[in-house]
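First up is the structure itself, then whatever we jot down about it.
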Amino acid sequence: MVSGPLSAYLLVHAQALSLVKPWIVGRGAGITLLSYGEVVAYTRGLPDSLRRQGELRRPLGEIHLYPLNYAVQERDADVRRHMHPPSGSGPIGDVDTLIAATAPEHDLTVVTMGRHFERVPDVDRMAIARGS
């Protein structure tokens, strides 16, 4: 599952896109609708936003869209409770919490540029460095 900020990064960095293209072609990539929303918000700030949004939509037919469901929402509640003090060091963003809840429900790895997923229990993650 590709996180929203990474998806946006892929739109503007062809070299990074080459890292995940085999997953897209092999149908091993997935995204949540929330991540798609983050990417659309990012592209709206670019001068050629309509073209970039079109570029984003083309491969979406190849990428599995993971919906929210009761199991994800219940796991999301557990993640939120775990992240808040005194249990945890503080919350992560709402969309990231839902991504973190979706991934284990579908036995997925979160591919991200962010380190905040490291603090979430039971989430397999793969970090991709900026500039990759």
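All of the numbers you see were taken from the coordinates with simple rules; none came from a lab. All values reported here derive from a predicted model rather than from experimental measurement. Cβ sites come from the backbone with ideal geometry, for glycine too, and all protein chains shown count toward neighbours.
A few comments on the model shown:
- Which of 31, 63 has the fewest Cβ neighbours within 10 Å, and the rest in rising order: 63, 31
- Peptides 93-100, 48-55, 73-80, ordered by how many other C-beta atoms sit within 10 Å of their residues on average, highest first, read 93-100, 73-80, 48-55.
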